[in-house]
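Colleague: Below you will find the structure I want to go over with you.
The values are calculated or read from the model by the stated rules, or taken from the named source; none is laboratory data. This is a predicted model, so every value here is computed, not measured. Here Cβ is always computed from backbone atoms with ideal geometry, including for glycine, and neighbour counts include all displayed protein chains.
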Amino acid sequence: MENMNLEEKKVLIVDDEAGIRRNLHFGLTQHGFSIDDAEDGLSALARIESSYHKGEPYSYVITDMVLPDINGLKLLEVIKSKYPTLPVIIITGYGTEVTADEVTARHGDGYLSKPFLADELADVLGKVVPPKMDAPQAVAEPALKTSVSAYAMIKVKEGGDVLGVFNKLYFMDNVLYCDAVRNSYDIVLLLNAATPAELENIIQTKIKTLADIDEVVYCPVAKPKLEAGIQDFINDYEKQKSLSPQGNKPKRVPYPLSAYVLIEVEKSRFNEI
C-alpha cells in the first residue's frame with residue numbers, strides 16, 4: 001500500500017450514521033486515503049457519477065448495507081452494473097451467516113461485520129486492486145422502451161359465461177396478467193401498450209364489446225414524477241436486473257392464495273414511498 005500514490009486512494013464512504021463516517025474518515029486518513037462521504041445511496045450514486053465525469057473516479061466505495069433509501073446490496077448491484085471495475089466493500093452490523101455469500105454473488109470486493117477497526121478496513125482495501133485511472137468506462141446500456149399500463153376490473157353479467165370471458169381475455173393481445181377474483185368483480189387484468197390512447201382503444205373496442213361483460217372499471221397506472229436521483233437509480237437497477245441471468249428465472253409462488261391490494265398515495269408522498 002505504501003507504493004500507491006494518494007490520487008489512487010480516493011474512497012467514498014456511504015453510511016447514514018455520522019459518527020461512523022467520522023471514525024472511518026479519521027482512521028483511513030491515517031493510512032493515506034483521501035475520503036469523501038455520503039449519508040444515503042442516492043447521494044453516493046450522484047457522487048460516483050460526478051467523479052467519473054470529472055475524470056477523478058473513486059478508487060473504492062465502502063457502503064453500509066442498511067441505508068435510509070436503498071439497501072446496500074442493491075446499491076452494490078447498480079454500481080457494478082455501471083462501473084464493474086470499481087471496488088465496493090460492504091459493511092454492516094446486521095449480517096448473517098449468508099451475508100458474505102450474498103456480497104460475493106453480487107461481485108462485491110469485500111465484507112466486514114461491524115464493529116471493526118479502521119486498520120482492518122485498511123487491510124481489506126489493501127488487498128483490492130483499484131481501477132486504472134485512465135480507463136473508467138461505464139458499461140454500455142441498452143435503451144429502455146417506454147410503455148404505459150392499466151388495470152381493468154371486469155364484472156360478468158349474472159348467469160354469464162365467466163370461463164368463456166376469462167379465456168378470451170387471457171389470450172388477448174396487450175394483456176400481461178389475467179386473474180379470476182371474488183367479491184365485486186370476477187376478473188382483473190393488467191394491460192400494457194405504447195400509449196394511453198392505445199390502452200383506451202383496447203378497453204372500448206376489444207373488452208367492453210365482449211358478450212356477457214356487465215361492467216369494466218378502467219384504472220390507468222399513473223407513473224409518479226420522481227426526483228432525478230431516484231429515477232436514475234430505478235432505471236439503473238432495472239437495467240441491471242434485466243441483464244442478470246437470475247432475472248429470467250420464474251418466480252416460485254409459495255402459497256396457493258393471492259389477493260390484489262390497490263393503494264392510493266398522496267402525490268406529495270411519492271418520493272417517501
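Colleague: Taking Lys249 as the residue in question, decide whether it is surrounded by fewer than 16 Cβ atoms within 10 Å (Cβ to Cβ), under 28 Å from Ala152 (Cα atoms) and either at pLDDT below 90 or among the β-branched types (Val, Ile, Thr) (or both). So that I can check it myself, show each step before the final result.
Modeller: Values: surrounded by fewer than 16 Cβ atoms within 10 Å (Cβ to Cβ): yes; under 28 Å from Ala152 (Cα atoms): yes; either at pLDDT below 90 or among the β-branched types (Val, Ile, Thr) (or both): yes.
Judged against the criteria, Lys249 is a match.
Colleague: From (1) crowded, with 17+ Cβ neighbours inside 10 Å; (2) out of contact with any helix residue (DSSP H, G or I) (no Cβ under 7 Å at 6 or more places or on another chain); (3) not basic (Lys, Arg); (4) not in a loop (DSSP other than H, G, I, E, B), pick out the condition that doesn't hold for Phe26.
Modeller: Result: Phe26 passes all but (1).
Colleague: Quick one: count up the residues across the stretch 163-197 that are at pLDDT 85 or above, of a type outside the set (A, V, I, L, M), within 16 Å of Tyr218 (Cα to Cα) and not in a loop (DSSP other than H, G, I, E, B).
Modeller: Count: 4.
Colleague: Can you pull out the residues in the stretch 110-130 that are touching a residue at least 24 places away in the same chain (Cβ under 8 Å), surrounded by 13 or more Cβ atoms within 10 Å (Cβ to Cβ) and under 17 Å from Pro84 (Cα atoms)?
Modeller: Leu125, Val128, Pro130
Colleague: Quick check on my filter: what residues within the stretch 57-73 are modelled with pLDDT of 90 or more and more than 19 Å from Lys114 (Cα to Cα)?
Modeller: Listed by number, the residues that qualify are Pro57, Tyr58, Ser59.
Colleague: Collect the residues in the stretch 20-60 that are aromatic (Phe, Trp, Tyr) and under 18 Å from Asp109 (Cα atoms), keeping them in residue-number order.
Modeller: Filtering the stretch 20-60 down to residues aromatic (Phe, Trp, Tyr) leaves 26, 33, 52, 58, 60.
Hits for the stretch 20-60 are Phe33, Tyr58, Tyr60.
Colleague: Restricting attention to the stretch 153-212, which residues are loosely packed, with under 13 Cβ neighbours inside 10 Å, under 34 Å from the mean Cα position of the chain (by Cα), farther than 21 Å from Val261 by Cα and of a type in the set (A, V, I, L, M)?
Modeller: Selection gives Ala194, Ala197.
Colleague: When the stretch 70-85 is examined, which residues are found to be part of a loop (DSSP other than H, G, I, E, B) and buried (at least 18 other Cβ atoms within 10 Å of the Cβ)? Show your work before the answer.
Modeller: Let us first name the residues in the stretch 70-85 that are part of a loop (DSSP other than H, G, I, E, B), namely 70, 83-85.
Result: Ile70, Tyr83.
Colleague: Next question, about the same structure. Is it the case that Val88 is surrounded by fewer than 21 Cβ atoms within 10 Å (Cβ to Cβ), in contact with a strand residue (DSSP E or B) (Cβ under 9 Å, 6 or more places away or on another chain) and among the β-branched types (Val, Ile, Thr)? Let's see the steps before the verdict.
Modeller: Working: surrounded by fewer than 21 Cβ atoms within 10 Å (Cβ to Cβ): no; in contact with a strand residue (DSSP E or B) (Cβ under 9 Å, 6 or more places away or on another chain): yes; among the β-branched types (Val, Ile, Thr): yes.
Judged against the criteria, Val88 is not a match.
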